[in-house]
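What follows is a single structure, written as structure tokens, with notes after it.
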Amino acid sequence: MRRPLVAGNWKMNGSRAGIKGLLEAVRADAVQTPGVDIAVCPPFVYLADVEAALKGCAVAWGGQNLCQETGAGAFTGEISGEMLRDFGCRYVIIGHSERRALYGESDAMVARKFLAANAAGLIPIVCVGELLEEREAGTTEAVIARQLDAVLEVVDATDALARAVIAYEPVWAIGTGRTATPAQAQDVHDFIRPRVARRDKDAAAALRILYGGSVKGSNAAELFAMADIDGGLIGGASLKAEEFLEICLAAQSA
């Protein structure tokens, strides 16, 4: 039985004053949802505040990105996996569609970031997803396969796959208010798991696959009821304490 994970991606939002109340609410959420893993991924500059606010409770935290290079070096503006670990991070998001589209991150770079995350002892949340024109052209599975295979081809250890998290985020449903139907989301999740099983069946069975694409309190229960949807990577709704709790409660019930 895979334990649900609800991870909040705050993107470039927040202030030191504003996140204080949000973190207090998130901390309380964990008490109400003991069957769910909860994580928040704030902007890098707030990691110290998040670590201080959440230390000692069940809620984990992570980075929104990391450098593909390991260790230290002359990489101005970058953040290493080791630095994230230094602030108590458990997770790191890699390959988000915004990183791919706005900053030119290739499938090969995402694969290198997976290795860097694993080397630092972080759990990578690997984002995959198709554009609207790709879905309309019927190439969703080909796009997901390309993005996923780039990572699978570089992973040597089975336990690295079993520990990882995949997040399916249809690009056309991120921040648009549009959401894939539960059946549409399940179809893609049901494509991802067998794809990973071709590499390792046990890892695929244990792998948590999240859905991310305008998940809200109003649609979370229906999405999480699907057989291969193991939680959500939540954007805007993770900044609203009451709605984030509603999503976590939906995962608890599922």
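The values are calculated or read from the model by the stated rules, or taken from the named source; none is laboratory data. No experiment lies behind these values; they were computed from the predicted model shown. Backbone-built Cβ (ideal geometry, glycine too); neighbour counts: all protein chains shown.
Just one of the listed residues (Asp190, Asp149, Asp159) is closer than 19 Å to Arg3 by Cβ and charged (D, E, K, R), namely Asp159. Answer with yes or no whether Gln147 is under 22 Å from Ala225 (Cα atoms), among the polar types (S, T, N, Q) and outside any loop (DSSP other than H, G, I, E, B). When the stated conditions are applied, Gln147 does not pass them.
Scanning segment 50-64 for residues that are closer than 25 Å to Gly212 by Cβ and touching a Gly at 6+ places or on another chain (Cβ under 9 Å) yields Val50, Glu51, Leu54, Ala60, Trp61, Gly63. Restricting attention to segment 2-12, does a residue exist that is within 18 Å of the chain's Cα centre (by Cα), modelled with pLDDT of 95 or more and at positive phi? The answer is yes, given that some residue of segment 2-12 is within 18 Å of the chain's Cα centre (by Cα), modelled with pLDDT of 95 or more and at positive phi.
Taking each residue of segment 139-166 that is without any contact (Cβ under 8 Å) to a residue 60 or more places away in the chain and farther than 13 Å from Pro124 by Cβ and looking for partners that are among the aliphatic types (A, V, I, L, M) and assigned to a loop (DSSP other than H, G, I, E, B) with beta-carbon atoms closer than 9 Å, six or more apart or interchain, yields Val143/Leu131. Only one of the numbered conditions (1) surrounded by fewer than 22 Cβ atoms within 10 Å (Cβ to Cβ); (2) in a helix (DSSP H, G or I) is violated by Gly138, and that is (2).
Of the residues Gly71, Gly8, which is of a type outside the set (A, V, I, L, M, F, W, C) and crowded, with 20+ Cβ neighbours inside 10 Å?
Gly8
Residues in segment 13-33 that are without any contact (Cβ under 8 Å) to a residue 60 or more places away in the chain, closer than 12 Å to Asp49 by Cβ and surrounded by 16 or more Cβ atoms within 10 Å (Cβ to Cβ): 2 in all. Checked against the criterion of being over 23 Å from Glu243 (Cβ atoms), out of contact with any His (no Cβ under 6 Å at 6 or more places or on another chain), of a type outside the set (A, V, I, L, M) and outside any helix (DSSP H, G or I), segment 11-34 contains not a single residue that satisfies it. For segment 151-172, enumerate the residues that are out of contact with any Leu (no Cβ under 7 Å at 6 or more places or on another chain) and either of a type in the set (S, T, N, Q) or farther than 17 Å from Ile209 by Cα (or both). Hits for segment 151-172 are Glu153, Asp156, Ala157, Thr158. The residues listed here are Ala237, Ala227, Ala220, Ala164; of these, the one that is closer than 26 Å to Asp29 by Cα, aliphatic (A, V, I, L, M) and surrounded by fewer than 16 Cβ atoms within 10 Å (Cβ to Cβ) is Ala227.
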